[in-house]
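Below is one structure; the comments refer to it alone.
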């Protein structure tokens, strides 16, 4: 099991803090700090007691001085005894206070011994003074001289102990200082740890907030995505429905036009045959009834009817594509060769695809190309001459690769399409011609769209028209 | 142009008779049948130079009739005629051995040109 990073951080901090505290404690114990502090305290007490001990010593010495100067009396004797008792008591206290340090204790012991000896000598002085008698003053001075040395010794011994005690006090102070530093460090560590813990928690919270925000954004994005997909699906469904309705309508139209076309073409055929018969019979009979114009009109009428039927059949036809690999330039060249274009039209070929082979339904694309060429030729031949010589012009057929497209451009130098007409040219049944059903460009676009491509028309009045029939590059077949 | 012995098969009498008359004026000898069955009988009974047959016929259609005729006359040129644009049936017609699919109405001059190629074949 893995602990998430956000929960792992406080755990690590806790371990670090415990470790730090442990290390500090171990360090403190190794340095013997507590006992040094304790000794320091005791030394402090000891030095206070030592100062106090000095007072009864001086009182004893004072009493002795009074005795020596003023002679024996009750009062001085009492002072002496009280001072001795206090000295003994304080030495006992001093001893207790010094018990912490054997070295100091040894000093105290030596002090106690010296004190007792000194006091004993001074007691002898007092006893002698009390007894009195002749010549005692001389004896008293003789006795006092060595006794007073005891005072000096005792005071000196008292002073000797001060050094080690002060050392202990100093060590205690150092220990307190060290402990203060350690304590400070510990507090710093704890504060740092607490800060880190809080920071970590804060960071965890921030991370959680960020994650929550991110999740909210993700949900928002997914919602938008979903809405968009619903919209797209709805649009696709609507398109599919429209396409279905359209294809059903086309299927019905196809059946209808198929039947109507066949039914119409038979009588048209009969009329055509009969016109042919009339024409031939007149020729054979050698009679000139001046009927040629009439017969030509009838012929043209039949051909126009036939053209309309062809257009309707082509548009309604719903066969699937039957693509074949086709070297577009060569195929287009042959197609152009087959066309019998009206006089006055110069054809310029600008094919730049070399041997590029594309997968196309040749019949369909042929239909589309011929349709556009017919339009171009009509545009040129019907021109009134504003843009050059009436009925004369250039038809340019070019092919090229253009990014993701393979393009066939058919351009004419006709009068161009008026601006108000341009948006309507792809609408089925729209036509500006005085004849035809207006399906031409709809068919061309349909054919190109069936191939995954399209039809684009650019035109400006007075500058001709450029029609681009394009195929997606995916229709290009790799040779070899 | 040499005279050809032709058979026209079409159930549309006006069309068939008008076409026959036109072809006769071009100088050919023409028989007419109005059903597929009659066409097959005629083809079996006479060695025609070419047959012009409508695809949409009652009973046996033009393609089926052509298939029957091919059994006894494997080489006779046969033009199938249709009021539809080139469609699936027309493709079947080519597979059945039709020389060409002609779309009605037929242009007399181009029809005569096509027949001329038949006449010039050995």
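Centre-to-centre separation between the Cα atoms of segment B:21-55 and those of segment A:134-175: 168 Å. For the residues of B:16-23, the average number of beta carbons from a partner chain within 10 Å of their own beta carbon is 6. Legend: mean number of C-beta atoms from other chains within 10 angstrom of residue C-beta atoms, peptide B:103-112, equals 6. Across chain A, the relative contact order, built from alpha-carbon pairs under 8 Å that are at least six residues apart, equals 11 percent. Highest GNM mean-square fluctuation among B:82, B:35, B:103, for chain B modelled with Cα contacts below 10 Å: B:103.
Normalised by 2.2 N^0.38 Å, with N the number of residues, the alpha-carbon radius of gyration of segment A:5-209 equals 1.79. Mind pulling the angle between the C-alpha long axis of helix A:292-316 and the longest principal axis of chain A? Nearest 10 degrees, somewhere in 0 to 90. Between helix and principal axis, roughly 30 degrees.
Once C-alpha pairs closer than 8 Å and six or more residues apart are averaged by separation and normalised to the residue number of segment A:5-209, the relative contact order reads 35 percent. Helix A:5-30 against the longest principal axis of chain A: what's the angle in degrees, Cα atoms only, rounded to the nearest 10? Approximately 20 degrees, to the nearest 10. When shorter helices are ignored and each DSSP H run of at least 4 residues is given -39500 (n - 2.57), the per-residue value for chain A at 222 nm works out to -25500 deg cm²/dmol. Each peptide in A:145-158, A:218-231 receives the mean, over its residues, of other Cβ atoms within 10 Å, and ordering these scores from highest gives A:145-158, A:218-231. When its C-alpha radius of gyration is set against 2.2 N^0.38 Å (N residues), the protein assembly as shown gives a value of 2.66. In this simple spin-label model, placing a label point 7 Å from the Cα along the Cα-to-Cβ direction at both residue A:116 and residue A:66 gives a separation of 2.7 nm. Peptides A:89-99, A:336-346, ordered by how many other C-beta atoms sit within 10 Å of their residues on average, highest first, read A:89-99, A:336-346. When only alpha carbons are used to place a centre, segment A:319-377 and segment A:81-119 end up 135 Å from one another.
Within 10 Å of the Cβ of each residue in A:273-283, the mean number of Cβ atoms contributed by other protein chains is 6. Shown for A:272, A:208: other C-beta atoms within 10 Å of each C-beta, ranked fewest to most, produce the order A:208, A:272.
Sorting the segments B:60-72, B:6-18 by their residues' average number of neighbouring beta-carbon atoms within 10 angstrom, most packed first, yields B:6-18, B:60-72.
For chain A, the longest principal axis of the alpha carbon atoms and the long axis of helix A:328-338 meet at an angle near 20°. Here, segment A:128-250 is characterised by an Rg to Rh ratio of 1.97, where Rg is the alpha-carbon radius of gyration and Rh the Kirkwood radius.
All of the numbers you see were taken from the coordinates with simple rules; none came from a lab. All figures in this text were calculated on a predicted structure; none of them were measured in a lab. Backbone-built Cβ (ideal geometry, glycine too); neighbour counts: all protein chains shown.
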